[in-house]
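Asker: Have a look at this one.
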Amino acid sequence: MSSLPVSSRWSGWAPHLQSLLRVVAAVLFLLAGAVKLFAFPAGMPPAGGTAVFPTQIWFAGVLEFFGGLLILLGLCSRTAAFILSGEMAVAYFQVHAHNGNWPVLNGGVPAILYCFIWLYFSAAGPGPWSIEALRRKPHN
């Protein structure tokens, strides 16, 4: 058993938890794009269809699906995260803010959380479980 305090051992997991947060958030985010583009796992409410090209919701679906895929893989993740952070800021102010001042009431909580999660990854990078990390490792 290690003589390090529990808090020291736990903080050693931070890089791996960073990667895990990236993967979970990216899967959920790309599913939002899959709904818009492919009606998977279900279509967009109310009729269950897909977004129509070249509407803003279609472009949002492209950003969410393909940007989410890049972040999931940890490939070009800082750039993708920065773009997606901006997309979520725009989404909040265009779709949610006019429905009231409180995000919990106007439906904007996910947009705000994703905005700041992606902003964090744009600065912190994808973590050790990523294609970017594999590319940095020296190969023997």
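Each value in this text was obtained by applying a stated rule to the coordinates, not by laboratory testing. Note that this is a predicted model, so its numbers are computed, not measured. Glycine gets a Cβ as well: all are built from the backbone with ideal geometry, and neighbour counts include every protein chain shown.
Asker: Could you work out how much longer the chain between VAL90 and ALA14 gets when fully extended? Use 0.36 nm per residue separation minus the Cα distance between them, nm to one decimal.
Answerer: 24.4 nm
Asker: Another question about this same structure. Can you show me the helix-derived [θ] at 222 nm for the chain, built from DSSP H runs with n ≥ 4 at -39,500 (n - 2.57) apiece and divided by the number of residues, rounded to the nearest 500.
Answerer: Helices in the chain give a 222 nm mean residue ellipticity of -18000 deg cm²/dmol.
Asker: Taking the chain as the reference, fit the longest principal axis to its C-alpha atoms, fit the long axis of helix 77-91 to the helix C-alpha atoms, and give the angle between the two in degrees, 0 to 90, nearest 10.
Answerer: Roughly 40 degrees, rounded to the nearest 10.
Asker: Kindly put LEU37, LEU119 in sequence by how many other C-beta atoms sit within 10 Å of each C-beta, fewest to most.
Answerer: Arranged by neighbour count, lowest to highest, LEU37, LEU119 become LEU119, LEU37.
Asker: Going by C-beta contacts inside 10 Å, put TYR92, TYR114, TYR120 in order with the fewest on the left.
Answerer: TYR120, TYR92, TYR114
Asker: Can you give the angle from 0 to 90° between the axis of helix 14-38 and the longest principal axis of the chain, with both taken from C-alpha atoms, to the nearest 10?
Answerer: It is inclined by approximately 20 degrees.
Asker: Which shape class applies to region 17-134: rounded if a/c is under 1.5, otherwise prolate when a/b exceeds b/c and oblate if not, where a ≥ b ≥ c are the square roots of the Cα gyration tensor eigenvalues?
Answerer: oblate
Asker: Now a separate question. Measure nothing but the geometry: give the 0 to 90° angle between the long axis through the Cα atoms of 109-124 and the longest principal axis through the Cα atoms of the chain, rounded to 10°.
Answerer: Approximately 40 degrees, to the nearest ten.
Asker: Have a look at LEU69, LEU31, LEU17 and tell me which one the Gaussian network model of the chain (Cα, springs below 10 Å) gives the largest fluctuation.
Answerer: LEU17
Asker: Which whole-number percentage describes the relative contact order of region 17-134, with Cα contacts under 8 Å and a sequence gap of 6 or more?
Answerer: After rounding, I find 27 percent.
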